[in-house]
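Data first, discussion second: the structure below is written as structure tokens.
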Amino acid sequence: MPIRKLLVANRGEIAVRVIRAARDLGIATVQVHSDADAEMLAVRIADEAVNIGPPQAAKSYLDTQAILKAAKDTRADAIHPGYGFLSENGSFATAVADAGLIFVGPSGDTINLMGDKAAARVQAAKAGVPTVPGSDGVISDMDEAARLAAEIGFPVMIKAAAGGGGRGIRIAENAEEFRKLAPQASSEAKAAFGDGGIYIEKVIEKARHIEVQILADGIDAIHCWERECSLQRRRQKVWEEAPSTALDPDTREKLCTSAADLARSVGYKGAGTVEYLFDDATGDFYFIEMNTRIQVEHPVTEMITGLDLVGEMIRIAAGEPLRFTQADIAARGHSIEVRLNAEDPANNFMPFPGMISGLDIPTGPGVRFDHMLYHGYGVPPFYDSLLGKLIVHGENREAALTRLGRALAELRIDGLTTTAALFEALLTADDVRSNMVHTKWLEPWLEANTDTIAKLQLTEGDTAA
């Protein structure tokens with residue numbers, strides 16, 4: 001394998017995950033870190049570590065030149081971007097390649113094409129993938145945009161062409177709101193992503209969020225089945241599972257096949273995720289975007305397929321062809337992932353960094369905890385609050401739900417408040433038990449159940465410092 005040493009250009013739990021995948025392949029690792037992350041778990045377990053700057057991400061994890069210098073100084077062969085930070089930055093991928101290094105992911109050109117959501121819609125339509133009714137590309141003329149929005153029919157969603165994470169998105173219920181909100185979405189997108197381009201889509205009421213994991217080697221592409229991510233707060237996923245119980249076999253086959261077709265049409269290389277909205281009322285699905293990186297929720301796919309998706313990314317980046325055909329990818333059982341964040345779900349999800357003063361990690365059959373924690377670790381306040389992901393697997397969804405309850409009961413993270421109580425409460429919700437949820441279900445439920453979450457936190461004991 002031409003990759004002998006891999007530099008991890010990220011932090012937290014995904015950095016730990018990448019290091020372990022690389023080591024399983026016999027590859028040495030280099031972990032870059034900011035001043036604030038000098039003691040993080042990824043630094044401890046990597047073969048080498050390099051400080052690349054102060055806590056501010058713009059001066060460390062987003063500093064292309066600092067990362068490339070670290071790679072050169074340590075004689076790394078390749079760079080894995082993880083998720084977030086520079087993972088979907090086409091210029092970074094190109095700079096890595098221009099420096100004579102291997103970027104573990106698609107080319108900069110592919111990232112730019114599929115990362116521009118308006119351009120990706122056009123590409124999806126060319127590949128025969130259904131798209132949500134909306135504009136054909138980026139909107140520049142607001143009068144024309146308002147006319148198109150009225151033609152599509154309100155409500156419409158105004159979306160940033162670049163970026164993600166729920167930023168640069170507004171929903172307009174009528175023409176007056178559209179003219180007010182469209183400039184706001186453009187300004188927010190410009191500030192967040194350096195690109196103020198927007199496009200519009202019709203809002204699918206009570207839609208489910210279904211996404212398909214793909215692997216591709218630049219020539220061929222396969223899918224690894226779907227995940228459902230409908231439980232979202234402010235368009236941020238909190239709970240994911242695979243497979244989706246909302247899909248019948250015929251719809252599942254069509255949806256997953258369309259994702260592989262799209263990846264193949266752009267010569268995609270690496271792991272990626274094609275995201276869709278699924279309309280329960282009609283059974284129709286619509287392409288919304290493609291994420292050109294590994295996803296936070298990739299472990300649920302690994303649990304039902306037995307694949308190491310991060311390992312496969314590295315193999316493909318090293319020049320190996322796909323090791324599997326579509327017929328090789330079988331889905332077995334059901335898996336659920338919940339995101340453990342250092343936030344207080346009973347207090348409007350206020351961030352809650354602090355020192356880990358006690359830690360019990362659940363284990364046993366069908367339980368996995370991807371995390372960045374150890375006793376005595378100080379969670380810094382400068383970055384995303386994700387601490388780790390608790391993942392369970394069972395022979396069916398009911399078994400997975402039961403196992404999740406057991407794992408949450410065993411989990412203990414002392415010293416700070418986490419979102420664990422949120423998931424304990426969700427496990428008692430009838431709609432969650434029966435998977436009768438959609439992307440707008442969680443927020444009203446949270447408003448009605450804050451007291452329940454707070455009581456669960458008190459029952460567990462106030463361990464926050």
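Each reported figure results from applying straightforward, stated rules to the coordinates on display, with no laboratory input. Because the structure is a prediction, the values reported are computed rather than measured. Every residue, glycine among them, receives a Cβ derived from its backbone with ideal geometry; neighbour counts consider all protein chains shown.
The mean of 1/r over all pairs of different alpha-carbon atoms in segment 76-197, once inverted, gives a Kirkwood hydrodynamic radius of 15.8 Å. Within the same chain, lysines fewer than 8 places from residue 269 are excluded, and of the rest, those with a Cα less than 27 Å from its Cα are 5, 69, 72, 117, 126, 159, 237, 254, 389. Using the rule -39500 (n - 2.57) for each DSSP H run of four or more residues, divided by the residues of the chain, the 222 nm mean residue ellipticity is -10500 deg cm²/dmol.
The value obtained for segment 275-397, namely the Cα convex hull volume divided by the number of residues, is 198 Å³ per residue. Ranked by how many other Cβ atoms sit within 10 Å of their own Cβ, fewest first, the residues 352, 287 fall in the order 352, 287.
Assuming charge only on the beta carbon of Lys and Arg (+1) and of Asp and Glu (-1), the dipole of segment 239-327 about its Cα centre is about 560 debye to the nearest 20. Ellipsoid semi-axes for the chain, based on the Cα gyration tensor and the rule √(5λ), read 31, 29, 23 Å when sorted largest first. Here r is the Cβ-Cβ distance between residue 72 and residue 384 and R0 is 30 Å; the resulting FRET efficiency, rounded to 0.05, is 0.60. Residue 253 versus residue 97, label points 7 Å from Cα toward the beta carbon: distance in nm? With each label point 7 Å from Cα toward Cβ, the separation is 3.6 nm. Summarising the label geometry, the points placed 7 Å from Cα in the beta-carbon direction at residue 395 and residue 142 lie 6.1 nm from one another.
The simple spin-label model puts a point 7 Å past each Cα toward its Cβ; for residue 220 and residue 428 those points are separated by 5.1 nm. Each of 134, 186, 153 was placed along the dipole of segment 133-202 (beta-carbon charges, centred on the mean Cα), and the one lying farthest toward the positive end is 186.
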